[in-house]
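The values are calculated or read from the model by the stated rules, or taken from the named source; none is laboratory data. Owing to the predicted nature of the structure, the values given are computational and were not obtained by experimental measurement. For neighbour counting, all protein chains shown are included, and Cβ atoms are generated from backbone atoms with ideal geometry for every residue, glycine included. The protein model used for the area step is the full one, side chains on, heavy atoms only, and it has no ligands, DNA or RNA in it. Shrake-Rupley method; radii C 1.70, N 1.55, O 1.52, S 1.80 Å.
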Amino acid sequence: MSLKIYNTLTREKEEFKPITPGHVGMYVCGPTVYSDVHLGNCRTFISFDIIYRYFKYLGYKVRYVRNITDAGHLEGDRDEGDDKFSKIARLQQLEPMEIVQKYTLGFRDVMRQFNCLPPSIEPTATGHISEQIRMAQQIIDNGYGYVVNGTVYFDVEKYNKEKPYGILTNRKMEELLEGTRDLGGQDEKKGRLDFALWIKAKPEHLMQWPSPWGMGFPGWHIECSAMSEKYLGKQFDIHGGGMDLAATHHTNEIAQSQACYHTSPANIWMHTNMLTVNGTRMSKSLGNGFLPGELFTGNHPLLEKAYAPNVVRFFMLQTHYRSTLDFSNEALQASEKGLKRLWDAYENLAKLPANDTAAADAELDANVNKLLNEFDEFMNDDFNTAKVLGNMFELVPVINSIKDGLIRADALSSQTLERLRQKFKAYLEDIFGLQSGSAGNEKLGEVMDMLIGMRKEARAKKDFATSDRIRDQLAAIGIQLKDEKGGAMSWNLE
RNA sequence: GGUCCUUUGGCCGAGUGGCUAGGCAAAGCUCUGCAAAAGCUUCUACAGCGGUUCGAGUCCGCUAGGGACCUCCA
């Protein structure tokens, strides 16, 4: 049973064969930190967090590099003018690095709330200026770059004569040229598709560095090529990012690495699909993005209530990463309830008594094992988290029925029960990165034990007024009491 | 305009040509002092038309709707 991953480059699922056995090198394009990350950005990082976690579950040593873009991202499509950081800094009368610091910290905070593991390395563009200059110089030396008035351009048409430039998105040069706007002769580039490796800075420009071509700053694409090479080598296993990056950013990365090192940087290119709102892509430029904070507080005109990070993560897990996912209150509420049901069953599972018998219900035992076996099979088929969750939900009635005595306690063998526990823990917590939503502190647990004891006493005396009051008042402050078979009671936080 | 993707039951969504994914909602029942929770049952859909096939949601063609990329964006 091998892991298969869909490769954008070949447009098919391929068996994953690491370059170094037992190790995975993965580079994911991170955020540009001149504004808050919105939920669409988060989807990509959550998807790759699960991929990262699954590789670790499989026993791989993973070097996961995700950059922070903190320089060089231009406002328009022409390789001139201010970069985004300088522009915002000027508007807010701050140092560009104050902007960078603010949104970097904000990004990390959001990632922590979503329970995304930090990458192994989180390099910044400003921290790797010399590497980028060196790479641009090498590209010039190799004949694929040219300098015009202090700016270095990549010669796409020359490159395309030797290597297919549009290979990643399956486009031919002629098609690309047709789709490109005519810039009206004011352009200093030789070819319309040429892009900047290094950009000349005007004297008043806030972020600039010395280079062989004068003061300037790096183009957007070169940072990922330079940093991925530095930390993962000229060729590594996986390069990922949002689908919107494939056509331009990743296409240029491949061209840069080929022109510089004569190798295609990554064996597998993975692209996550977009998060949409009412069928339209959530994006910074359209301004239809949700900020994670707005979601967690419910403070947004389109939101009917607040949703916990856990719920949002679960919501995303129910869809395959290469499908678009449409954002709506209804879908999130369905996820909230579904997650609660699943998590309750998971907590019930932990409480089931162990037995050391053979399976009394061999058919059920076999079926449970089949469903558990499929967890890995589904994940190995291009990380199909949705199918794993489908199986988990099929196991929920089994768990709950054993707990309630509707299925006899020894129906499953002790080994099967133990497997069930291990798989649920591995998947829910370690791979999917979901967390307990009702984690009260110890004191709360003791107080609840006391109240439950009082309610039991009241019920024994048929003092239903008291027992209902305890239940209703707890419900009012968001604690749900559940009467169980045999008079036991459990509770959780809403 | 070019390239590509997509269209699944009330909603969200998974689907390797042959057997009901799953979640949410809804309805009925069981359990319960009542309620909630839980369990059981019901709800069999694949945009339209045509084709290939013994058999298609799954392959092919056409038509219609939606979307993405081609320009900064995960």
Only bridges whose two residues both fall in chain A count here: according to DSSP, what percent of them are antiparallel, nearest 5?
50 percent
Order the following by accessible area, largest value first: A:K482, A:K230. Probe radius 1.4 Å; ligands, DNA and RNA are ignored.
A:K230, A:K482
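Heavy atoms only, 1.4 Å probe, whole protein assembly: order A:R322, A:R11 by accessible area, highest first.
The residues order as A:R11, A:R322, largest area first.
Given a 1.4 Å probe and every protein chain left where it sits, what share in percent of the accessible area of the stretch A:4-272 is carbon and sulfur? Walk me through the intermediate numbers first.
Numbers: 5370 of 11250 Å².
That share works out to 48 percent.
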Using only alpha carbon pairs under 8 Å that are at least six residues apart, calculate the relative contact order of the stretch A:4-272 and give it in whole percent.
24 percent
Take a quick pass over the stretch A:359-476 and tell me how many lysine pairs come in under 24 angstrom between Cα atoms, counting only ones 8 or more apart or on separate chains.
10
List the pairs from A:K102/A:K234; A:K351/A:K485; A:K161/A:K190 whose alpha-carbon separation is above 26 Å, in the order I gave them.
A:K102/A:K234
With all protein chains present, the stretch A:442-493 has a carbon and sulfur share of its accessible area (1.4 Å probe) in percent of 54 percent
Two-site FRET efficiency, A:D141 against A:Q435, from Cβ-Cβ distance with R₀ of 60 Å, rounded to 0.05:
0.70
Surface per residue (accessible, 1.4 Å probe) for chain A, Å²
46 Å²
With all protein chains present and a 1.4 Å probe, how do A:D483, A:D83, A:D410 order by accessible area, largest first?
A:D483, A:D410, A:D83
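Please report, as a whole percent, how much of the solvent-accessible surface of the stretch A:292-431 comes from carbon and sulfur atoms (probe radius 1.4 Å).
Values: 3110 of 6070 Å².
About 51 percent, which is the carbon plus sulfur part of the accessible surface.
Starting from the Cα-Cα distance between A:A246 and A:A460, subtract it from 0.36 nm times their residue separation and give me the gain in nm to one decimal.
On the way: separation 214, 0.36 × 214 = 77.04 nm, distance 6.64 nm.
Difference between extended and current length: 70.4 nm.
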